[in-house]
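Below: the structure, in structure tokens.
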Amino acid sequence: MTKFNLNTLVRENIKGLQPYSSARDEYVSDGTEMIFLDANENPFENDVNRYPDPQQRNLKAVLAKQKGVQVDNLLLGNGSDEVLDLIFRVFCEPNVDNIISLPPTYGMYKVLSGINAIENREVLLTKEFQLDVPQILDTVDKNSKIIFICSPNNPTGNSIDKSDILKLLKGFSGLIVIDEAYIDFSDKESWLGQLNEFPNLIVTQTLSKAYGLAGIRLGLCFASTEIITVMNRIKPPYNVNQLTQKRALEQVLKTEVLSHEVTQILKEKKRLTKILSNVGFIDKVYPSDANFVLVKVDDANARYKQLLQKGVVVRNRTTQPLCENTLRLTVGTKEENEKLITALNEIA
Ligand SMILES: *Cc1c(COP(=O)(O)O)cnc(C)c1O
């Protein structure tokens, strides 16, 4: 691999930063009965009158064990959107650095680069929605800090070839972020197992999709201890609130319910895929490792509106590169999918 040196990637101002030290950082409870007069909280108990654990120790312990990583390799955020923003702010110098994103893909990499005044260099996926590795390596320069890879990719649904990702991990001296928001629906292996192998690898996941917790906002970031340590320096102290920590902990322990739900969704996806390919105006159903399918239709704008009139909201992706006349359909419950199928047949 091109020599990797984390120190040269972190922004100068972040290296010298003295992190905010909260009351809950300075005194960590060891379970002894104490009187807490250190954080200016209201003392009258109502379950949430105390500040949350800034390091989310209980939740992280369970998640780290489930995911097979050390707690030191895990950072939690207010959705993966916050995690991605923290990554930008640790590594990318505004108006100097750039990132590489690979459309058609998740829109937040571009939005976050705009917010953080970072140039977003786009390299299109191939027409099979895979990486154009030579073009990507041609596009990076000394100010390229991060390549964002979404796998399984949103909105296309496919996984990115492992051998191509390996080429970038080995050939790029910046960071590779692999966004695995949909990994729980995929039979492909997560990149978590490769964290020890590649010091420049960051993997993000979320409780918003398979875990059924989009409403509580909890994102996961996995990386080397060194990367997690520097991200912790800039993380807002109480970024994951008490209600989220509590609800997430309850939910991640319901492993059987969760795997049953994922099984149901995958079964429905398979059924839906077959039926969709027989709809007259659907030209193509793209293979998907996620909980949605991308379909190519005759006229996405018209079909989108017709579906709305039938009470079904899908995502029109026609403006995305390589996605002309495509709609992205989330797999719903059996009943919801039946309504989608009925609506599709009615407008056909
Ligand atoms: C849905 C999604 C996320 C989830 O973001 P959260 O902020 O955790 O809800 C992240 N990445 C991709 C590619 C997604 O599609």
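The values are calculated or read from the model by the stated rules, or taken from the named source; none is laboratory data. Being a predicted model, the structure only gives us computed values, none of them experimental. Reconstructed Cβ throughout: ideal geometry from the backbone, glycine too, with neighbour counts over all protein chains shown.
Restricting attention to region 61-70, and to residues there that are hydrophobic (A, V, I, L, M, F, W, C) and either buried (at least 17 other Cβ atoms within 10 Å of the Cβ) or touching a residue at least 24 places away in the same chain (Cβ under 8 Å) (or both), which single residue is nearest to the ligand (Cβ to nearest atom)? That would be Leu63. Within region 171-199, being charged (D, E, K, R) and either more than 9 Å from the ligand (Cβ to nearest atom) or part of a helix (DSSP H, G or I) (or both) holds for Asp184, Asp187, Lys188, Glu189, Glu197.
Condition check ((1) loosely packed, with under 13 Cβ neighbours inside 10 Å; (2) modelled with pLDDT of 95 or more; (3) assigned to a loop (DSSP other than H, G, I, E, B); (4) within 16 Å of the ligand (Cβ to nearest atom)) across all residues:
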residue: Thr32; (1), (2), (3), (4): yes, no, yes, no
residue: Pro43; (1), (2), (3), (4): yes, yes, yes, no
residue: Leu84; (1), (2), (3), (4): no, yes, no, yes
residue: Ile87; (1), (2), (3), (4): no, yes, no, yes
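Is it true that Val111 is more than 16 Å from the ligand (Cβ to nearest atom) and more than 21 Å from Ile183 (Cα to Cα)?
Working: more than 16 Å from the ligand (Cβ to nearest atom): no; more than 21 Å from Ile183 (Cα to Cα): yes.
So Val111 does not fit the description; no.
Listed by first and then second residue, the pairs with beta-carbon distance under 6 Å, at least 6 apart or on different chains, first residue in region 115-129 and in the same structural domain as Thr105 (by TED's automatic domain parsing) and assigned to a loop (DSSP other than H, G, I, E, B), second modelled with pLDDT of 95 or more and hydroxyl-bearing (Ser, Thr, Tyr), are Val123/Thr139; Phe129/Thr156. Within region 85-99, the set of residues being out of contact with any Phe, Trp or Tyr (no Cβ under 7 Å at 6 or more places or on another chain) and either closer than 20 Å to Asn153 by Cα or without any contact (Cβ under 8 Å) to a residue 60 or more places away in the chain (or both) comprises Asp85, Ile87, Phe88, Pro94, Asn95, Val96, Asp97, Asn98.
Exactly one residue out of Val295, Val331, Val313 is among the β-branched types (Val, Ile, Thr), exposed (fewer than 14 other Cβ atoms within 10 Å of the Cβ) and under 27 Å from Ala210 (Cβ atoms): that is Val313.
Looking across Ser80, Ser144, one residue alone is small (Gly, Ala, Ser), under 27 Å from Thr318 (Cα atoms) and buried (at least 17 other Cβ atoms within 10 Å of the Cβ). It is Ser80.
Considering only residues that are part of a helix (DSSP H, G or I) and within 16 Å of the ligand (Cβ to nearest atom), look in region 200-230 and name the one that is surrounded by the fewest Cβ atoms within 10 Å (Cβ to Cβ).
From region 200-230, those part of a helix (DSSP H, G or I) are 214-216, 225-230; that's our starting set.
Next cut, within 16 Å of the ligand (Cβ to nearest atom) only: 214-216.
On the way: Ala214: 12, Gly215: 9, Ile216: 20.
Top of the filtered list is Gly215.
On the stretch given as region 130-155, residues that are assigned to a loop (DSSP other than H, G, I, E, B) and of a type in the set (D, E, K, R) total 3. Checked against the criterion of being closer than 24 Å to Ile147 by Cβ, polar (S, T, N, Q) and out of contact with any Cys (no Cβ under 6 Å at 6 or more places or on another chain), the candidates Asn58, Asn95 yield just one match: Asn95.
Pairs meeting the criteria (first residue in region 17-30 and within 22 Å of Asn58 (Cβ to Cβ) and hydrophobic (A, V, I, L, M, F, W, C), second residue loosely packed, with under 12 Cβ neighbours inside 10 Å and modelled with pLDDT of 85 or more, beta carbons under 9 Å, at least 6 apart or on different chains) are Ala23/Asn40.
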